[in-house]
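I have placed the structure first, in the form of structure tokens, so that the comments after it can refer back to it.
The values are calculated or read from the model by the stated rules, or taken from the named source; none is laboratory data. Bear in mind that the values here come from a model prediction, so they are computed numbers and not experimental data. Glycine also receives a Cβ, built like all others from the backbone with ideal geometry; neighbour counts cover every protein chain displayed. Surface areas here come from the heavy atoms of the whole protein model, side chains and all, with no ligands, DNA or RNA. Shrake-Rupley method; radii C 1.70, N 1.55, O 1.52, S 1.80 Å.
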Amino acid sequence: MPRIKLAEQEVYEFRFSIQVRPQDINYGGHLGNDDLISLVGAARAQLFHSLGLSELDLGDGQTGIIITDLVVNYRAEAFMFDELLVETHLDEFAEKGFRMFHRVRKNSKLIALMETGLMTYNYASKETAPIPEAFLKHLADRNTS
């Protein structure tokens, strides 16, 4: 069966620690696949928060994001109370979207690689929208400081 194989990125600009909670454990006794996606979602929300933004406001007061696709490569198990490091890289910017590349590790052990496609979206008008200049400025300011 063919698989989509993700590659680690050369650099990850954002890092967030998150602990595996009891409710994240599945019947196999390890971190469930759906819960890993939720933990990375929490790290994504933290990323936007660290920039003074949110998933519903990329800095212009009207444009947010919608996830258009998601790929996960699971590499190892994680267990209750493990401290995971979610590292994130933003790239492949287009007029109305970009991609997030995530690497999840426990110490030096690779747990998973994840890639998400994000479309910029105006929730008020219910239409796709260009990436706000304010968002790009926040990213540029962070990378120069």
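Take the alpha carbon atoms of the range 86-138, find their center, do the same for the range 36-78, and report the distance between the two centers in whole angstrom.
So the two Cα centres are separated by 7 Å.
Hey, can you rank 125-133, 36-44 by average C-beta count inside 10 Å, highest first?
Ranked from most to least packed, the peptides come out as 36-44, 125-133.
Number of Lys pairs in the chain with C-alpha atoms less than 26 angstrom apart, excluding same-chain neighbours closer than eight positions?
6
If Lys and Arg each add +1 and Asp and Glu each add -1, what is the summed charge of the other residues whose beta carbon sits under 11 Å from the beta carbon of residue 20?
So the environment of residue 20 carries a net charge of -3.
Could you give me the ³J(HN,Hα) list for the range 87-94, computed from phi with Karplus coefficients 6.51, -1.76, 1.60 and θ = phi - 60°, whole Hz, x at Gly and Pro?
Each residue's phi maps through the Karplus curve to give 10, 9, 10, 9, 6, 6, 6, 10 Hz.
When the dipole is taken about the Cα centre of the range 1-144, and only Lys, Arg (+1) and Asp, Glu (-1) are charged at their Cβ, what size is it in debye, to the nearest 20? All intermediate terms of the calculation are to be shown ahead of the outcome.
Working: 15 positive and 21 negative charges, 73 e Å.
The dipole magnitude comes to about 340 debye.
Given contacts defined as C-alpha pairs under 8 Å and at least six residues apart, what's the relative contact order of the chain, whole-number percent?
27 percent
How many percent of the accessible area of the range 43-112 is carbon or sulfur, using a 1.4 Å probe? Can you show the working numbers first?
On the way: 1670 of 3410 Å².
Carbon-and-sulfur percentage of accessible area, whole number: 49.
Restrict the search to the range 56-119; then list the trypsin sites (Lys or Arg not before Pro) that DSSP places in a loop and that have at most 16 other Cβ atoms within 10 Å of their Cβ.
Passing both the DSSP loop test and the Cβ count: 75, 96.
Between the helical axis of 33-50 and the dominant principal axis of the chain, each derived from Cα atoms, what acute angle in degrees is found, rounded to the nearest 10?
40 degrees
Rounded to the nearest 10 degrees, what's the angle between the helix 133-144 long axis and the longest principal axis of the chain, both from Cα atoms, 0 to 90?
60 degrees
Testing the spin-label approximation: label points 7 Å from Cα along Cα→Cβ at residue 93 and residue 11. State their distance in nm.
Going from the residue 93 label point to the residue 11 one covers 1.3 nm.
Using the Cβ atoms and a cut-off under 12 Å, what net charge is assigned to the surroundings of residue 116, where Lys and Arg are +1 and Asp and Glu are -1?
Values: positive: 44, 99; negative: 55, 69, 91, 92, 115.
So the environment of residue 116 carries a net charge of -3.
Whole number please: convex hull volume per residue of the Cα set in the chain, in Å³?
Output value, Cα hull per residue: 136 Å³.
Please report, in debye to the nearest 20, how large the charge dipole of the range 3-83 is about its Cα centre when each Lys and Arg carries +1 at its beta carbon and each Asp and Glu carries -1 there.
For the range 3-83, the charge dipole is close to 200 debye.
Of 23, 131, 118, which is farthest towards the positive pole of the range 1-141's charge dipole, taken about the Cα centre with +1 and -1 on the beta-carbons of Lys, Arg and Asp, Glu respectively?
Of 23, 131, 118, it is 23.
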